[in-house]
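Here the structure comes first, spelled out in structure tokens, and everything after it is commentary.
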Number of protein chains: 2
Amino acid sequence: MARALRLAERGRYTAHPNPVVGCVLVSGGAVVGEGFHAKTGEAHAEVNALQAAGDAARGSVAYVSLEPCSHHGRTPPCTEALIKAGVRKVIASMEDPNKDVAGQGLKTLADAGIEVQTGLMQSAAVSLNRGFLKRVTEQRPLVRLNLAASIDGAIAMAGGESQWITGPEARADVQRLRARSGAIMTGIGSVLADDPSLNVRAMDSETGGLQPIRVVLDSRLRMPLAAGMLALPGTTLVCCTGDPDTNALQNMNADVQSFPALDGRVDADAVLRELAERGVNEVLVEAGAALAGDLLEKDLVDELVIYQAPHIMGSQTMGLVNTPSWTALSDRQALTITDVRRIGGDTRITATPKQSD
Amino acid sequence: MARALRLAERGRYTAHPNPVVGCVLVSGGAVVGEGFHAKTGEAHAEVNALQAAGDAARGSVAYVSLEPCSHHGRTPPCTEALIKAGVRKVIASMEDPNKDVAGQGLKTLADAGIEVQTGLMQSAAVSLNRGFLKRVTEQRPLVRLNLAASIDGAIAMAGGESQWITGPEARADVQRLRARSGAIMTGIGSVLADDPSLNVRAMDSETGGLQPIRVVLDSRLRMPLAAGMLALPGTTLVCCTGDPDTNALQNMNADVQSFPALDGRVDADAVLRELAERGVNEVLVEAGAALAGDLLEKDLVDELVIYQAPHIMGSQTMGLVNTPSWTALSDRQALTITDVRRIGGDTRITATPKQSD
């Protein structure tokens, strides 16, 4: 199963909006076939493994990181393929909560006389597909907040002077975060200040050229027609409030959509629901202090990835997040640190917010 | 030699103001004796190793982490003991720059017909005694700045609300930093706000009850007569400017001394020179943003030990260091990270300032 989970990861840049899945077929103590799901619309992990095994699949045990599908989607159901190949037993790490599956896959197999089992290495399997699972169960994508600051939490000088805070290795690492995300979200302030591209660069061999949706939260529709990202391949979703004239921006290839307002800003949660509708499993937020603080204040962040540069920038600086409502010590956000490692000259801290007291 | 260096470390809480030194005697491929310098006034590492070896010292090779002394201090010269014991060869990691030794030890041994060699694992030996070496060569102690903050660099809420930022393991770790220091320095602001003890607690078995000098930078002599630290064993040095009436404080057991003023504060460099005079090898600074920032602005910090608590405290907070003169990005202090590790729930980052551009 560990091997199936590792295989699954090979789809991390390309499988979304589908979950990543790996499958290993074992017969007589030996692996007779393995596969993973590479891309939506292409063969599922089980089918790839069965093809690799050929006749050897008969009587084998299938280890699969997620319950096999039982419905006709873009590809025929995997249950059918497993039954037809004569697999003896199917061990799935976890059930697929997707309403089209949700136990039906395992039931179909059991009804066909195949022994089934679930739960093996389940927490690892859950962790692989956190975004997909959140989307199908909560109708929101996983929200990953990317922050970069000095060791004392500054992102720029008070006068606005700034430049890359982190080094080239950290920035390359962010490219990998972008590539696994279905969308990259930022605020209009960042667009006006930096005109970012928010695209995935130099990873075509791994992503097949797939680009995440670029999402700009822009309550008053200040998006410049000349914004660099509008000229790039892929979708730019500009999220405004009210009913402004959107023609000019739409002519520049922007997808402009109006959302409810909340506290004078675009209701970020409404945007997240829309992204889930569009099949986004994971959103990477690359934003300034305003949007980053807003998402933290509203408990909408699932994971933080903080790149800390080895500098003390001091007191005449701007901070990482703007959280005007956090006025008491008890308002602070406690984190569970899940990983700390050196990326080039910087330190990358991965953390999840603890539930509020 | 690696063993001699490890032995040397065993004196880290007790040897100061002397350097830590370890010695291993090897004869016929086997260790025949070893020792370290435990405490000023007691036997040096070489003498302890020779005593352990007894007659087996004759014809042996001595690996010692620092050049043996050749002068009559509180104990007779180690060179004499090594010669008398019939040691064949002495390998010292580094020369002792202390003017009473400074190559004389090695020369004395060579003159007595003993083969001598230096430089083996020298950088490790230098690193062991950075404080001692800085004191004897620059007449200043090593300055280690201890900071504790949230992951976004906050130490308290803007309104002043604060509590322990870091966990009990990090605070126990700070006790070890205190125990290896000859002095602990703070600012009068911290004394007035928190009435800290700045003593070493629950480590008597390792320190023999030795307490660092407590140093309070207090330009206008606002030190309260009731400050808790004045009632504790050991010395409290209150550093003021000008010529105030110091009688009341001195009656409370404070050692009050006037220093030059610089930028309206006590000239911290003058205080450091005084501490070196008093035999302090390492100073631990546990201070608020004002003194911490002042020392960084004046390039007086040799090492930073930053404990980061797993919290985002947000924007309505007070920062780690107050550096009013750092107004441009180029003023920031670049760091070389030398160690990152988890201490309980916190992350400890050890770093040294890079030389300014």
Could you list all residues from the stretch A:88-104 that are over 16 Å from A:N18 (Cα atoms) and crowded, with 17+ Cβ neighbours inside 10 Å? A:V90, A:I91, A:A92, A:S93, A:Q104
Based on what the data block shows, is A:D194 surrounded by fewer than 20 Cβ atoms within 10 Å (Cβ to Cβ) and not hydrophobic (A, V, I, L, M, F, W, C)? yes
I'd like to check something: does the stretch A:294-313 contain any residue that is within 30 Å of B:G293 (Cα to Cα), small (G, A, S) and over 24 Å from the mean Cα position of the chain (by Cα)? yes
Applying the selection to the stretch B:329-357, what residues are hydrophobic (A, V, I, L, M, F, W, C) and either more than 9 Å from chain A (Cβ to nearest Cβ) or assigned to a loop (DSSP other than H, G, I, E, B) (or both)? B:I343
When B:G209 is run through (1) small (G, A, S); (2) crowded, with 19+ Cβ neighbours inside 10 Å; (3) more than 14 Å from chain A (Cβ to nearest Cβ), the failure sits at (2)
In the stretch B:123-165, how many residues are within 13 Å of chain A (Cβ to nearest Cβ) and of a type in the set (V, I, T)? 3
How many residues are touching a residue at least 24 places away in the same chain (Cβ under 8 Å) and farther than 24 Å from B:V321 by Cβ when one looks only at the stretch B:253-273? 2
Go through the stretch A:108-148 and count every residue that is in contact (Cβ under 8 Å) with a residue 60 or more places away in the chain and not in a helix (DSSP H, G or I). 13
Can you tell me which of B:I213, B:I188 is of a type in the set (V, I, T) and farther than 21 Å from B:A276 by Cα? B:I188
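Somewhere in the stretch A:170-189, is a residue within 14 Å of another protein chain (Cβ to nearest Cβ), part of a helix (DSSP H, G or I) and either of a type outside the set (S, T, N, Q) or buried (at least 20 other Cβ atoms within 10 Å of the Cβ) (or both)? Lay out the reasoning, then the answer.
To start, the set of residues in the stretch A:170-189 that are within 14 Å of another protein chain (Cβ to nearest Cβ) comprises A:170.
Next, from what is left, pick out any that are part of a helix (DSSP H, G or I): A:170.
Applying the additional criterion that residues be either of a type outside the set (S, T, N, Q) or buried (at least 20 other Cβ atoms within 10 Å of the Cβ) (or both) yields A:170.
So far as the stretch A:170-189 goes, yes, one or more of its residues are within 14 Å of another protein chain (Cβ to nearest Cβ), part of a helix (DSSP H, G or I) and either of a type outside the set (S, T, N, Q) or buried (at least 20 other Cβ atoms within 10 Å of the Cβ) (or both).
Is it fair to say A:D152 is modelled with pLDDT under 90 and in a loop (DSSP other than H, G, I, E, B)?
Details: modelled with pLDDT under 90: no; in a loop (DSSP other than H, G, I, E, B): yes.
Criteria not met by A:D152.
Taking the stretch B:193-215 on its own, how many of its residues are touching a residue at least 40 places away in the same chain (Cβ under 8 Å) and either over 17 Å from B:T40 (Cα atoms) or not hydrophobic (A, V, I, L, M, F, W, C) (or both)?
Residues of the stretch B:193-215 touching a residue at least 40 places away in the same chain (Cβ under 8 Å): B:193, B:196, B:198, B:203, B:206-208, B:210, B:212-213, B:215.
Still in the running and either over 17 Å from B:T40 (Cα atoms) or not hydrophobic (A, V, I, L, M, F, W, C) (or both): B:193, B:196, B:198, B:203, B:206-208, B:212, B:215.
Final tally of qualifying residues: 9.
Let's see how each residue does on (1) surrounded by 24 or more Cβ atoms within 10 Å (Cβ to Cβ); (2) more than 29 Å from A:A309 (Cβ to Cβ); (3) charged (D, E, K, R):
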| residue | (1), (2), (3) |
| --- | --- |
| B:L120 | no, yes, no |
| B:V126 | no, no, no |
| B:G131 | yes, no, no |
| B:V136 | no, yes, no |
| B:V216 | yes, yes, no |
| B:R222 | no, yes, yes |
Taking the stretch A:301-322 and the residues there that are of a type outside the set (A, V, I, L, M, F, W, C) and farther than 19 Å from A:T336 by Cβ, the one that is farthest from the other protein chains (Cβ to nearest Cβ) would be A:T317
For B:D204, the lone unmet condition from (1) modelled with pLDDT of 90 or more; (2) surrounded by fewer than 16 Cβ atoms within 10 Å (Cβ to Cβ) is (1)
Run A:E115 past the list (1) surrounded by 14 or more Cβ atoms within 10 Å (Cβ to Cβ); (2) at pLDDT below 90 and report the number of the one that doesn't hold. (1)
Output for the stretch A:27-70, where each listed residue is surrounded by fewer than 17 Cβ atoms within 10 Å (Cβ to Cβ) and closer than 15 Å to A:E9 by Cα: A:K39, A:T40
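Every residue, every condition in (1) over 27 Å from the mean Cα position of the chain (by Cα); (2) within 27 Å of B:L275 (Cα to Cα), yes or no:
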| position | (1), (2) |
| --- | --- |
| B:S93 | no, no |
| B:D100 | no, yes |
| B:G103 | no, yes |
| B:L109 | yes, no |
| B:V126 | no, yes |
| B:L133 | no, yes |
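Examine the stretch B:73-82 for a residue that is basic (K, R), surrounded by fewer than 18 Cβ atoms within 10 Å (Cβ to Cβ) and under 29 Å from the mean Cα position of the chain (by Cα), and state whether such a residue exists. Write out each step before concluding.
Start the filter on the stretch B:73-82 by keeping residues that are basic (K, R), which leaves B:74.
Now narrow it down to the ones that are surrounded by fewer than 18 Cβ atoms within 10 Å (Cβ to Cβ): B:74.
Among the residues that remain, those that are also under 29 Å from the mean Cα position of the chain (by Cα) are: B:74.
Yes.
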Quick check on my filter: what residues within the stretch A:283-322 are out of contact with any strand residue (DSSP E or B) (no Cβ under 7 Å at 6 or more places or on another chain) and closer than 18 Å to A:A158 by Cβ? A:G293, A:G314, A:N322
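Can you pull out the residues in the stretch A:245-269 that are among the acidic types (D, E), under 18 Å from A:G228 (Cα atoms) and more than 22 Å from the chain's Cα centre (by Cα)? Give the derivation first.
At the first step, the residues of the stretch A:245-269 found to be among the acidic types (D, E) are A:245, A:255, A:263, A:267, A:269.
From what is left, the residues that are under 18 Å from A:G228 (Cα atoms) are A:255.
Across the stretch A:245-269, there are no qualifying residues.
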Give me the pairs: first residue in the stretch B:216-227 and free of Cβ contacts under 8 Å to residues at least 12 places away in the same chain and more than 18 Å from B:D294 (Cβ to Cβ), second residue in a loop (DSSP other than H, G, I, E, B) and among the β-branched types (V, I, T), beta-carbon distance under 6 Å, and six or more apart or on different chains, which are they? none
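The values are calculated or read from the model by the stated rules, or taken from the named source; none is laboratory data. It should be emphasised that the depicted structure is a prediction, and the values quoted were computed from it without experimental measurement. Glycine also receives a Cβ, built like all others from the backbone with ideal geometry; neighbour counts cover every protein chain displayed.
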